[in-house]
Amino acid sequence: MSKVDFEKVVALLEELETDKTKSPGASWLATGSVDVDGLDIDVALVAVEAAKRMGMVERLQEAKKAKDKQIRKAAGSALHVLKSTGHEVIADQNESGWSLGAEEVVVPPPMGFIGLPQGDGYFPYIMIAHNREGACVSAGVAGSGQGYQDADHALTGRSQTRDIVANAVKDPNLFEVPFHVALHFTERAFREGGNRQPNGWGRMLQSVPEGTQNAARMMDPLSKQETELDRKELENVVPLVDGAHKLPFKIEEQIANPAIDKCIAAVTSELARDDADKRQRIASEVVDAANQSLAGPARATWLLALDVAAYVAESAGWEAERKAARHTGLALRAGLVGADIPFFRVWTERQLAAVTEMVLAVRAGHEIPTQ
């Protein structure tokens, strides 16, 4: 397969994900409406490689009967790879050298679930790689800071695996995405978090076709989204901070606590000239806290978090949330400080105000004499 242009393979896989199969190679893979013999040789070889990565055994068996020897050879090699990694490849009855065996075991393709990031920028994931005995399941939360948190893995039987999948599908905070997309985001988190992998991760990958792993490492899940920052879209953060699918942002305690103390001091100050002076001092604390929040490793964590949010929103059809997440991520990439990015400024202001008001209310309550 050395002649295959892997960028074209990735482009074909992305075309299939959009359900807009216009090219001949995509039409053959998706519906079989185009005969493999009707494809140009280069297109056919790219399509065969894509079929291997997607575990499309039936299409590969079609290609193995192609008129062109190169296509037949590529398809045969792809089928061998799939069979060796646990896919069930049923022999053609007219083909010698294959044996059906006593029991037909269908090995499902791997499955991936990811969720919207939490307040610390880490996103939940569940990765399921099936094999002939059951599956290897890896789950946890991933982010660029430490790579992962609360990670766990298990070897599960078929019945238990079905229960895990059913529960994941019903979970409103999880979204099934193509496995290679989930693998791309989780491995990016592990890589940016110090190249550590959760316990059992390597074992899970043993049941994932090498082509699928390569596709995950080559792709850009956001390749069809905007690449230039739009300030107008950046300002429209209501979907992310107040919408049905809002994305939380939590200030770290070591930044929040001193800022809250200063906000309380500003509100209770007897030296302030007037309320406008107090508001200006509080606004200054909001700016400082927002800037500090993204001055260190948190910037990389939130770059990944917003990429995940933009992809999930795109998959779910939440266009307003997608635009807000994408342009907030582009603002981070452009180097804007926290206070200049509305998403982070709004959340920072709300958290400081809420805790300040709570503390002052408690203090006022304590000053009320008991009866």
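Using R0 = 22 Å, the C-beta based FRET efficiency linking residue 30 and residue 246 works out to 0.05.
Computed from the mean reciprocal separation of all distinct C-alpha pairs, what Kirkwood hydrodynamic radius does segment 6-84 have, in Å?
Working: mean 1/r = 0.0830 Å⁻¹.
So the Kirkwood estimate lands at 12.0 Å.
Rounded to 0.05, the FRET efficiency of the residue 269 and residue 170 pair, given R0 = 56 Å and the Cβ-Cβ distance, is 0.60. Would you mind checking 170/232; 22/73; 8/246 for any pair whose Cα atoms are more than 32 angstrom apart? Long pairs (Cα-Cα over 32 Å): 170/232; 8/246. Segment 214-260 and segment 307-339 have Cα centres lying 5 Å from one another. Can you give the convex hull volume per residue for the Cα atoms of segment 231-367, as a whole number of Å³? Taking the convex hull of the Cα positions in segment 231-367, it is 115 Å³ per residue. Here segment 144-215 is described by how far its Cα atoms reach on the three principal axes: 35, 27, 21 Å, from widest to narrowest. Here is the P(r) of segment 171-304: all C-alpha pair distances, binned every 5 Å from 0, give 2, 7, 11, 13, 15, 14, 11, 9, 6, 4, 4, 2, 1, 0 in whole percents. When you work out D = kT/(6 pi eta Rh) for the chain at 37 °C and 0.692 mPa s, using the Kirkwood radius from C-alpha pairs as Rh and the Stokes-Einstein form, the result is 140 µm²/s. Highest mean packing first, where packing is the average number of other Cβ atoms within 10 Å per residue, the peptides 161-170, 306-315 line up as 306-315, 161-170. Springs between Cα atoms under 10 Å define the GNM used for the chain, and in it the highest mean-square fluctuation of 39, 29, 234 occurs at 39.
Any read-out appearing in this document is the output of simple, stated calculations on the displayed coordinates, not a laboratory observation. No experiment lies behind these values; they were computed from the predicted model shown. Ideal geometry is used to build each Cβ from the backbone, glycine not excepted, and the neighbour counts take in all protein chains shown.
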